Amino acid sequence: MAARGLATCCWSTTLSSTSHFRTSSLVVKAPTGRLSRGKPLWRSYVIRAEVKYVSAEEAKKLVDSEGYSIVDVRDTSQFDRAHIKSCYHVPLFIENKDNDIGTIVKRTLHNNFSGLFYGLPFTKPNPEFVQTVKTQLPPESKVLIVCQEGLRSAAAADKLEQAGYENIACITSGLQSAKPGTFDSVGSTELQDAGKAGLVTIQGDISRVLGAILVCALLFITFFPDLAEKLLGLIPV
């Protein structure tokens, strides 16, 4: 009589004693045959998810010692500001230039707020991301995925893992956590600053200028109250 029952599964996580690499495994056990002395026969299937989350320094060792290729998944603007030499650039998101009414409205709102203050382009998911990576690196390759904050690289790792890549690593907090000199880079700024653009980059200067103006105004009113009163009287209400 064939055995009946639900499959069982469990997660196991291993931590190497020599590094901070984490490897998770999903072990699935399912009945595979007839009853033998009242007990079903079981077979285990192991599905491994080998996405390593490492620091910038550990990532550099993976590239230098273990032959990992670097795939930068940031948008073009951040990539142009600074990127690691000899990396592959395959954006996870691409600029959205669609001209339907909904997209135009969203793009206008974006450009007036996020785009203005943070210098971020209005984007959409890159439908050719996985295929583009495959044309440059086969699934058996060792791949280090980098982005600015670590979120896009994690999403990209998930896509590549589903596409059959088995050796994937990501920098936990992205390139913003990389110390100057960790990687050989190209661009007008340091890797950790490539995400800074728009008005937020001059916020500090604006604050300093406004502070200086307020201090000067306070000193002027304190030492020349009569003149300050006359000047204020000239301002039309």
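Does D226 fit the bill of being open to solvent by 50 Å² or more (accessible area, probe 1.4 Å), outside the structural domain of A82 (by the TED database) and at pLDDT 75 or above? Even if it seems obvious, please write down each step before you answer.
Details: open to solvent by 50 Å² or more (accessible area, probe 1.4 Å): yes; outside the structural domain of A82 (by the TED database): yes; at pLDDT 75 or above: yes.
Yes: the conditions hold for D226.
In the range 159-172, the residue that is surrounded by the fewest Cβ atoms within 10 Å (Cβ to Cβ) out of those that are without any contact (Cβ under 8 Å) to a residue 40 or more places away in the chain and assigned to a loop (DSSP other than H, G, I, E, B) is G164.
Here the strands (runs of 3 or more DSSP E) wholly within the range 57-158 that include at least 3 residues being open to solvent by 20 Å² or more (accessible area, probe 1.4 Å) and modelled with pLDDT under 95 are 93-95, 123-125.
The values are calculated or read from the model by the stated rules, or taken from the named source; none is laboratory data. Predicted model, so just to flag it, every value in this text is computed and none were measured. All Cβ positions, even for glycine, are placed from backbone atoms using ideal geometry, and neighbour counts span all protein chains on display. Just the protein is used for accessible areas: all its heavy atoms, side chains included, with ligands, DNA and RNA removed. Shrake-Rupley method; radii C 1.70, N 1.55, O 1.52, S 1.80 Å.
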